[in-house]
1. Val15 versus (1) surrounded by fewer than 13 Cβ atoms within 10 Å (Cβ to Cβ); (2) modelled with pLDDT under 85: which is the lone unmet condition?
2. How many residues does region 1-25 contain that are assigned to a helix (DSSP H, G or I), over 22 Å from Leu81 (Cα atoms) and of a type outside the set (A, V, I, L, M, F, W, C)?
3. Tell me which residues, restricted to region 54-98, are among the hydroxyl-bearing types (Ser, Thr, Tyr) and surrounded by 10 or more Cβ atoms within 10 Å (Cβ to Cβ).
4. Before we move on, is Leu64 within 16 Å of the chain's Cα centre (by Cα) and either at pLDDT 75 or above or on the phi < 0 side of the Ramachandran plot (or both)?
Amino acid sequence: MSVGMSPVQSFFRIVLPQSVSIAFPNVANSVISSLKDTSLAFTIGLMDMMGRGETLIAATAHALEVYIALSIIYYVVVLILEQVAKLFEKRANRHKTTVMALD
């Protein structure tokens with residue numbers, strides 16, 4: 001039991017913040033990797049972005065332009081997710097201080 005805290009208080013004030021700061025980078029990497037491996041639109045049940053691209057290619061015969069646009073969209077989404085993950089990680093680790101060894 002922590003100093004004068006109930007088990008619930010010690011969990012929310014001590015254990016949970018430490019576990020979030022340790023686990024968050026791995027969770028963020030898993031989300032970004034999942035997005036790279038599968039399309040987010042397909043995961044939520046809509047037509048896959050590549051499927052829409054194939055439909056657009058069949059209608060317009062501009063394959064290169066469609067694939068370039070799709071790759072830019074994926075790249076921007078991944079960049080946004082990485083920045084959000086960095087922001088949350090920085091916020092979760094704001095209480096940590098770095099200790100440098102003196103030679």
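The values are calculated or read from the model by the stated rules, or taken from the named source; none is laboratory data. Since this is a predicted model, take the numbers as computed values, not measurements. Please note: Cβ atoms are built from the backbone with ideal geometry, for glycine as well, and neighbour counts cover all protein chains shown.
1. Every condition holds for Val15 apart from (2).
2. Kept after step one, since they are assigned to a helix (DSSP H, G or I), are these residues of region 1-25: 7-25.
With the extra rule that they be over 22 Å from Leu81 (Cα atoms), the set shrinks to 7-16, 18.
Going one step further and asking which of them are of a type outside the set (A, V, I, L, M, F, W, C), we end up with 7, 9-10, 13, 18.
Final tally of qualifying residues: 5.
3. The answer is Thr55, Thr60, Tyr67, Ser71, Tyr74, Tyr75.
4. Details: within 16 Å of the chain's Cα centre (by Cα): no; either at pLDDT 75 or above or on the phi < 0 side of the Ramachandran plot (or both): yes.
No: the conditions fail for Leu64.
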